[in-house]
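I have placed the structure first, in the form of structure tokens, so that the comments after it can refer back to it.
The values are calculated or read from the model by the stated rules, or taken from the named source; none is laboratory data. Note that this is a predicted model, so its numbers are computed, not measured. FYI the Cβ positions are ideal-geometry reconstructions off the backbone, even for glycines, and counts take in every protein chain you see. Calculation scope for accessible area: heavy atoms of the full protein, side chains included, ligands and nucleic acids excluded. Shrake-Rupley method; radii C 1.70, N 1.55, O 1.52, S 1.80 Å.
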Amino acid sequence: MHGACHHDCPDSCGWTVTVDHSTPAPVAVKLRGNPNHPFSRGELCPKVNRFLDRVYSPDRILHPLRRTGPKGSGDFEPISWTEALTEIALRLHEVIDTHGGEALLPYSDAGNQSLLSMFGAGNRFFNHLGATQLERAICGVTVGAGTAMTNGSGASLEATEMIHSRLIVLWGTNTRLTNRHLWPTIETARTNGARIVVIDPIRTLTAEAVNADRGDRFIQPLPGTDIAMLLAMMHVIIRDGLTDDEWIIAHTTGFDELCDAVMEWTPERAAQVCGVDTQIIESLAIDVATTRPTAVRTLIGPEHHENGAMFFRTLACLPALTGAWRDRGGGYSRSVGFWTERQIDHDALSRPDLIPTSPSGEQPRTVNMSRLGSVLTDLDPAIHAMIIWNCNPLVTVPNAELIRRGLARDDIFIVVHEQFLTDTARYADIVLPATTQLEADDVVFPWGHLWVTYNAAAIAPQGEACNNTELFRRIAAAMQLNEASLYDDDQTLMRDALSTIDLKELRREGWLQAPYPDDGRPFGDPDDATPFPTDSGKVEFASDQLEMIGQPRIPTFVAPRESLGGDCALTSRFPFQLLTPKHHSRFLNSGYAQLPKHGPTEGGPFVELCAQDAVMIGVADGDFACVKNDRAAIEVIVQISERVRPGVAAIPFGWWSDHHSDGRVANALTNDALTDWGGGVAFSDTLVAITPVKTTP
Ligand SMILES: Nc1nc2c(c(=O)[nH]1)N[C@H]1C(S)=C(S)[C@@H](COP(=O)(O)OP(=O)(O)OC[C@H]3O[C@@H](n4cnc5c(=O)[nH]c(N)nc54)[C@H](O)[C@@H]3O)O[C@H]1N2
Ligand SMILES: Nc1nc2c(c(=O)[nH]1)N[C@H]1C(S)=C(S)[C@@H](COP(=O)(O)OP(=O)(O)OC[C@H]3O[C@@H](n4cnc5c(=O)[nH]c(N)nc54)[C@H](O)[C@@H]3O)O[C@H]1N2
Ligand code: SF4
Ligand SMILES: [Mo]
């Protein structure tokens, strides 16, 4: 059977599953990359090569469970689906009758990012009930919202087009770890003479590929300061007359205002802010402006700062200044969700028309998923019931100890739909078993390439598991809701959502290529017929729209409050900036730490410090250190490393409570302040103090 990886990963690999039908219940015996898949070409990755371990794990939840011990204890008893649904229906009706629909909160993310599993599950149900709406913007949304303020949309260069590039700047993305199937494209471009630049506060796996002898470069700015570097680069490009004036006149507005603004951003000034040599900024600017084609590749790393949207808005100005969009392989490349997801009719799938309006004409309130801790502890009127599926917020969402306090409230009823008893599931009143990608049909809309891939179920749902859409059909039936569309089956939902796609053909062929400009250039020759979708129809160096939402109209650097260049009162108490990035090749977010061939092979959590900082703090490699701020304190083993620079520390994200000696995960420390716009979250603006732990815990 042919399918596609469901993970929230840019690669959306195609796979082939071999099924043994000789037993009464067919068993998947082999899962390998599909060699014909146009993007992944037969390779999977160290996480998913062992996907069958996950499917057949003895720890998988296969039956509904009811909590018997205190919240968080992990004590549950098996119950039947009928018992589970009866209790859920009763409790949800009770909450809605007493407090109204808004007391109910849906909570989900991209655990399975396929069409039905992610976009098709739950929305109609919660809309119909008038539940509180969830803004899901923890990943990638802010990048699109940032670039849209310059270009009018989130459209960008499709990444394999970088095969044509001569300079590839990997700006805040760890391609070799997080987007590994793109690396062959970059290697081919290098064979053809391209140079690479990696810009990251951490000397990542990708930075290790930099070969200075070939003219590659690794640049290590302080976190959250890249806007200053961009402003100085634009300063140099304008100062040295390296702008593409013809393109600027034809396709942009606000150039004069931009010139005025970057005048004061000399490379010397930016060098101070970023902790990068003046000369490096100068030469990067000249390289970017004089090498054709130049592509900047980015995913989400720099989004997770208070100035995250402004970073991407500023980055989007660069190719317009140098005319890089003219060239095949020029411009910037980010998520291609803009091209792939345009084929989805989200309204048909989610039915916002089902949302009841109050007599005064008001719609239900919206809360931001990244603020879950304060939503559960501070919101008035309060949330009294939650259904959580497709995510594990106690590990993946910032300010996790506040979330824990919220989930532990005894006046909130929680249902979790999961494959494993995650940290979050331990706080559920009822846990329901979820299928894996092998057990249900779905369609994967990638954000890292253009190949929309069909996922055909290879085996039946294991145990009593059901998929995300079936979950809500069952709960709706138990609640005796009488809105017919809540009961549409999966094939109907797919047809509703994909009216322009021939599903039979997609299933037969395995994949189809999303429409993308034939000549490879997303903004090649914009003219009056296809203007940039901004108010002016042009690239906006100065933006009225930003001014209207209270943001600076011109690219502007503001140091995030909780960063090394931010609030002095904070930095004096908490002198290190903590990053918590993806780190392990066998992990995908929080999804694999618990599996015996994944977690233990990666070792365990640690805090990385440079040698100089370790000496200053008085810790040695292998010692325990206490990493703390006002949100939490956690104890982790010190790893002295050359990957981080003075003042910056890093703890890998993805480990669960059980893997941390004191039960507190990396996200216990992280900041849940929102980004400037776009609804993202600044978890990389986290300041901490680090002290030795005297006694071995
Ligand atoms: N192995 C593995 N692969 C994964 C995942 C995983 O957990 N494990 N997760 C998947 C998911 S959900 C996503 S969204 C993608 C994300 O893919 P990426 O965006 O490539 O990954 P991140 O680690 O989030 O961020 C990339 C880099 O941004 C850097 N960074 C942080 N702050 C700044 C800054 O201010 N400036 C600059 N220049 N860089 C900064 C971090 O140090 C990090 O190395 O990866 C996917 N792939
Ligand atoms: N500190 C820090 N925090 C981060 C990040 C970081 O870099 N640093 N990265 C952020 C990013 S980019 C992202 S995308 C988020 C990811 O946050 P999450 O979406 O919460 O993370 P995942 O671990 O990908 O998925 C969570 C769960 O989904 C379950 N699951 C998988 N498939 C299905 C299914 O079909 N149905 C159901 N019901 N469940 C399923 C898995 O068992 C897993 O437990 O984390 C964010 N948090
Ligand atoms: S996690 Fe990413 S790289 Fe691994 S198989 Fe899935 S899509 Fe491919
Ligand atoms: Mo993500």
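Per-structure values
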item: Residue that is nearest to residue 7 (Cα to Cα) [pool: residues in region 351-402 that are open to solvent by 20 Å² or more (accessible area, probe 1.4 Å) and of a type in the set (Gly, Ala, Ser)]; result: 374
item: Residue among 50, 54, 41, 66 that is outside any loop (DSSP other than H, G, I, E, B), touching a residue at least 40 places away in the same chain (Cβ under 8 Å) and away from ligand 2 (no atom under 16 Å from the Cβ); result: 66
item: Region 565-589, residues that are in a loop (DSSP other than H, G, I, E, B), more than 17 Å from residue 643 (Cβ to Cβ) and more than 16 Å from ligand 3 (Cβ to nearest atom); result: 565, 566, 567, 574, 575
item: Which listed residue is touching a Pro at 6+ places or on another chain (Cβ under 7 Å) and open to solvent by 10 Å² or more (accessible area, probe 1.4 Å), from 176, 180, 166; result: 166
item: So residue 460, is it open to solvent by 20 Å² or more (accessible area, probe 1.4 Å) and away from ligand 2 (no atom under 13 Å from the Cβ); result: yes
item: Hits in region 227-262 (condition: assigned to a helix (DSSP H, G or I) and in contact with a Gly (Cβ under 7 Å, 6 or more places away or on another chain)); result: 247
item: Of all residues in region 508-546 being basic (Lys, Arg) and in contact (Cβ under 8 Å) with a residue 60 or more places away in the chain, the one that is least open to solvent (accessible area, probe 1.4 Å); result: 521
item: Qualifying residues in region 7-32 (those that are within 27 Å of the chain's Cα centre (by Cα) and over 13 Å from residue 45 (Cα atoms)) - the one farthest from ligand 3 (Cβ to nearest atom); result: 16
item: Any hit, region 410-421, residues being part of a helix (DSSP H, G or I) and either assigned by TED's automatic domain parsing to the domain that holds residue 672 or within 22 Å of residue 131 (Cα to Cα) (or both); result: no
item: Selection status of residue 237, of a type in the set (Val, Ile, Thr), out of contact with any Lys or Arg (no Cβ under 9 Å at 6 or more places or on another chain), free of Cβ contacts under 8 Å to residues at least 40 places away in the same chain and away from ligand 3 (no atom under 16 Å from the Cβ); result: no
item: Pairs, first open to solvent by 10 Å² or more (accessible area, probe 1.4 Å) in region 297-326, second within 16 Å of ligand 4 (Cβ to nearest atom) and basic (Lys, Arg), C-beta under 7 Å, six or more apart; result: 299/334
item: Which numbered condition residue 331 misses (of (1) within 16 Å of ligand 2 (Cβ to nearest atom); (2) touching a helix residue (DSSP H, G or I) at 6+ places or on another chain (Cβ under 9 Å)); result: (1)
item: Single unsatisfied condition, residue 561 versus (1) more than 27 Å from residue 299 (Cα to Cα); (2) open to solvent by 50 Å² or more (accessible area, probe 1.4 Å); (3) not polar (S, T, N, Q); result: (1)
item: Residue, nearest to ligand 4 (Cβ to nearest atom), within region 648-671, restricted to residues that are open to solvent by 10 Å² or more (accessible area, probe 1.4 Å) and touching a strand residue (DSSP E or B) at 6+ places or on another chain (Cβ under 6 Å); result: 664
item: Residue in region 422-438 that is in contact with a Gly (Cβ under 8 Å, 6 or more places away or on another chain), more than 26 Å from residue 679 (Cβ to Cβ) and within 16 Å of ligand 3 (Cβ to nearest atom) present; result: yes
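One line per residue, one yes/no per condition, for (1) among the β-branched types (Val, Ile, Thr); (2) more than 21 Å from residue 588 (Cβ to Cβ); (3) at pLDDT 95 or above; (4) assigned to a strand (DSSP E or B):
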{"position": "30", "(1), (2), (3), (4)": "no, no, yes, yes"}
{"position": "36", "(1), (2), (3), (4)": "no, yes, yes, no"}
{"position": "61", "(1), (2), (3), (4)": "yes, no, yes, no"}
{"position": "73", "(1), (2), (3), (4)": "no, yes, yes, no"}
